[in-house]
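The values are calculated or read from the model by the stated rules, or taken from the named source; none is laboratory data. Quick caveat, the model's predicted, so the values are computed rather than measured. Here the Cβ positions follow ideal geometry from the backbone for every residue, glycine too, while neighbour counts run over all protein chains shown. Accessible surface areas use protein heavy atoms only, side chains included; no ligands, DNA or RNA. Shrake-Rupley method; radii C 1.70, N 1.55, O 1.52, S 1.80 Å.
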Amino acid sequence: MRLAFTIAVRFLRSGRGQTILIAIGIAIGVSVQIFIGSLIQGLQIELVDSTIGSQSQITISNKLDDALIDNYDKLEQDIDDNYESVRFVSATADGPALLSLDDDSYSILLRGLNFNIADGIYKITDKLEGNLPAKEGEVLIGTELKEEAEISLGDELLLLSGEGKRETMKVTGIFDLGVANLNKSWVLGSLPTAQNFFNYEDKATSIEMQLEDVFAADTLAAEIQAEQAGTLTVDNWKDLNASLLSGLNGQSVSSYMIQVFVMISVLLGIASVLAITVVQKSRQLGILKAMGIQDGQASLIFVFQGLMLGIAGAILGVLLGLGLSYAFTTFALNPDGTPVVPLYIDPGFIALSAAFAIVVSTIAALIPARRSSKLNPIEVIRNG
Amino acid sequence: MANVIELKKINKIYGSGQFQTHVLHDIDLEIEDASFTSIIGQSGSGKSTLLNIIGTLDQPSDGEVWINGMRTDQMNKKELATLRNRTLGFIFQFHYLLPEFTAFENVLMPYRIEHGSAPKSAVERANEIMNLVGLEKVKNNPSGKMSGGQQQRTAIARALMNEPKIILADEPTGNLDSDTTEIIYNLMREINQKIGTTFVVITHDRRIAEKADRIIEITDGRIVMDI
Ligand SMILES: Nc1ncnc2c1ncn2[C@@H]1O[C@H](COP(=O)(O)OP(=O)(O)OP(=O)(O)O)[C@@H](O)[C@H]1O
Ligand SMILES: [Mg+2]
């Protein structure tokens, strides 16, 4: 072992140019892998975040009878207590209403929320002009509605329910959720505001949740359905966004494909260069065998070479890949200062790429290692 | 005295069918422990083939090879490697040092092949051998950067490292000048007399051959003279 290692080091050192070349080859492979992987992961995270990051990811509703949920606070409490991966759970009371203003009327969705928790889901306060409603009868409207209906902070709005109920509500703030449709149709008030307006009494229309790991939504939803919801319906974002998911999947698959092909080309490169070294070093191998080195030891020389090239290439590649990523996120910026390409640096993924490169290099070395073990010293001795 | 090498009815045939060449014919040969034998003969007569068979680098087509009391023509590759490492030392015409290592490291190599790493006692022994062959001043030179004579002395030192019973040399002075040839032969003779290592040396040089205990001449794959 020790001797094979020493000889491997000397062989690598004696062919320094070649060694550096292979190491750089591996490094480029690894860095491309890391860069592409981080890019795809970053894009996916951003896409997922912008699509469902500020939405309910699991929603419980009642699709039977009156569509209302009794005892919602107990259910809320149970979910909060029993599922660690649920980050926020919040009951809402929603209903359609008409906003009547001068001659025009606008159909809106009046949503009664518990702002303390719901803000965690919708991030309302991130871009809020004015204040959250402090008491019943106070509401927030979205930026689109404000523009369209020319409403200002402090205005009193007349709302009509489907059952003919009329109530005036005061606008205490303007929100911007980043989605035009919601900014136009949502009017947000406290839970009691909506419950009273729609005569829901002490019931809610849905329970909304946001999760630590958005991709666990389907399994968690199934658990909640089985353990808590009874006759209620539990929906999750994955079922409702199948096309987004298949897009993400396609992206992941193509990313893996690129990575696999990069590694295959690295493997072939290493194998062929190492195969050449066996020929170059056949004289030395012949001498060593004449002196009685065992075939296994002779093979080990090349396995060690592959291993060391892999390690050197992996280290170099990680540095290069991180450097490339850093350069991209630092210098390629949008006018607002955010990076053009969002990168997600995942240490686990980088470690995996590096480990993969080392394994691949070692495997690549097995081909020349086999050849070296077959080499017969007499060929070398006889031919000078 | 005991025989360290015994060949019984050795034949060597290269190729097959109509391209066969019968290189060695029914060679019987016994070589005593601690002797110094030289093999002479015309080019192509089969000297190297014979020596390589003795050295287990080549296999006879037929016949028995006994080295140090062990039959080698039926051993597997692993056993042969071990035998070569412990019992045989080689000196070739083209030096065959490992250019990636210094002269000293080359000398240590047979020891490291056997034991992996070299403890102090092995290093001391290598130093003694380097002194014996007169290389103490250049021992840390890269082996490729030494003169031909120095390289051949390094190869001799290397052959001695594992205290083999037998050293096989194929035209060890083939491409050295006559003064250096003289030095190398005197060195081998000296080692033979001091340590008792058995030497079998192929040479073209009759003058040199005559200094040996025994001269074997080969013509067309047969021993034609043995004195
Ligand atoms: N692999 C081989 N295939 C076929 N013939 C071979 C092979 N090796 C050697 N020979 C033949 O065997 C014969 C003996 O060769 P060998 O090398 O033993 O001669 P030699 O006595 O050492 O000659 P020299 O003094 O030139 O070194 C030669 O005719 C050679 O052509
Ligand atoms: Mg010859």
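Have a look at A:269, A:316, A:258 and report the one farthest towards the positive end of the charge dipole of chain A, computed about the Cα centre with Cβ charges (Lys/Arg +1, Asp/Glu -1).
Result: A:269.
Got a sec? Charge dipole of chain A, +1 on Cβ for Lys and Arg, -1 for Asp and Glu; which of A:71, A:380, A:139 is way out at the positive end?
The residue sitting most towards the positive pole is A:380.
Once every Cα of region A:58-240 carries one equal point scatterer and solvent is ignored, give the base-10 log of I(q)/I(0) from the Debye formula at q = 0.17 Å⁻¹, two decimals.
Debye curve over Cα of region A:58-240, log10 I(q)/I(0) at q = 0.17 Å⁻¹: -1.08.
Which of the residues in region B:25-60 show a loss of at least 40 Å² in accessible area from their chain by itself to the complete set of protein chains, at a probe of 1.4 Å?
Hits at the 40 Å² cut-off: B:57.
Let's test this: bin the Cα-Cα distances of region B:3-226 at 5 Å from zero up to the farthest pair and state each bin's percent.
Once binned at 5 Å, the Cα pair distances of region B:3-226 give 1, 7, 15, 19, 20, 16, 12, 7, 3, 1, 0, 0.
Take the Cα gyration tensor of the protein assembly as shown, multiply each eigenvalue by 5, square-root it, and list the three semi-axes largest first, rounded to whole angstrom.
Over the Cα atoms of the protein assembly as shown, the semi-axes work out to 91, 23, 19 Å.
Using θ = phi - 60° and the Karplus curve 6.51 cos²θ - 1.76 cosθ + 1.60, what whole-Hz ³J(HN,Hα) does each residue of region B:124-132 get, with Gly and Pro shown as x?
Values per residue, Gly and Pro as x: 4, 4, 4, 4, 4, 5, 4, 5, 4 Hz.
Determine the residues within region A:255-303 where the difference in accessible area between the chain on its own and the full set of protein chains amounts to at least 40 Å²; count protein heavy atoms only and use a 1.4 Å probe.
Checking the loss per residue gives A:283, A:284, A:287, A:290, A:291, A:292, A:294.
Could you run the Karplus curve 6.51 cos²θ - 1.76 cosθ + 1.60 with θ = phi - 60° over region A:131-144 and give me ³J(HN,Hα) per residue in whole Hz, x for Gly and Pro?
Karplus values, whole Hz, x for Gly and Pro: 10, 5, x, 9, 9, 4, x, 10, 9, 10, 10, x, 4, 5.
So, for region A:135-197, what is the accessible surface per residue at a probe of 1.4 Å, expressed in square angstrom?
In whole numbers, region A:135-197 has 45 Å² accessible per residue.
Quick one: with all protein chains in place, what share of the accessible area of chain A is carbon or sulfur, to the nearest percent (1.4 Å probe)?
Here it works out to 58 percent.
Taking amide H positions as placed 1.01 Å from N in the peptide plane, with prolines and chain starts having none, which residues 5 or more places from residue B:73, or on another chain, fall under 5 Å of its amide H?
B:65
Over region A:88-194, what per residue volume does the convex hull of the Cα atoms give, in whole Å³?
90
Determine the dipole magnitude for the protein assembly as shown: charges of +1 sit on the beta-carbon of Lys and Arg, -1 on that of Asp and Glu, nothing else is charged, the reference point is the Cα centre, and the result goes in debye to the nearest 20.
The dipole magnitude comes to about 5480 debye.
With the other protein chains left in place, how much accessible area per residue, in square angstrom, belongs to region B:84-212 at a 1.4 angstrom probe?
Accessible area per residue: 40 Å².
Antiparallel versus total DSSP beta bridges in region B:3-226: what percent is that, nearest 5?
55
Please report the buried accessible area for the interface of A with B, total over both chains, probe 1.4 Å, in Å² to the nearest 100.
Working: alone 19420 and 11160 Å², together 28190 Å².
So the total buried area for this chain pair works out to about 2400 Å².
Find out how many positive minus negative residues lie around residue B:119, taking Lys and Arg as positive, Asp and Glu as negative, among other residues whose Cβ is under 11 Å from that of residue B:119.
Surrounding charge for residue B:119 is +2.
Evaluate the charge dipole of chain B about its Cα centre and quote only its size in Debye, nearest 20, assuming +1 on the Cβ of each Lys and Arg and -1 on the Cβ of each Asp and Glu.
Computed about the Cα centre, the dipole is about 600 debye.
Can you show me the helix-derived [θ] at 222 nm for the protein assembly as shown, built from DSSP H runs with n ≥ 4 at -39,500 (n - 2.57) apiece and divided by the number of residues, rounded to the nearest 500.
Numbers: 21 runs with 301 residues, N = 611.
Calculated at 222 nm, the ellipticity per residue is -16000 deg cm²/dmol.
Calculate the length of the line joining the C-alpha centroid of region B:121-170 to that of region A:1-60, in whole Å.
For region B:121-170 versus region A:1-60, the Cα centre distance is 47 Å.
For region B:145-227, what % of the accessible area comes from carbon and sulfur atoms, probe 1.4 Å? Mind dumping the intermediate values first?
On the way: 1610 of 3570 Å².
The value for region B:145-227 is 45 percent carbon and sulfur by accessible area.
What residues in region A:1-37 lose 10 Å² or more of accessible surface when the other protein chains are added to their chain alone (1.4 Å probe)?
Relative to the lone chain, where solvent access is computed with a 1.4 Å probe, region A:1-37 loses at least 10 Å² at A:2, A:3, A:6, A:7, A:10, A:11, A:14.
Could you derive backbone 3J(HN,Hα) for region A:59-75 from the dihedral phi with the Karplus parameters 6.51, -1.76 and 1.60 (θ = phi - 60°), listing whole Hz in sequence and x where the residue is Gly or Pro?
10, 9, 9, 10, 9, 9, 5, 8, 6, 10, 10, 6, 6, 5, 6, 5, 4
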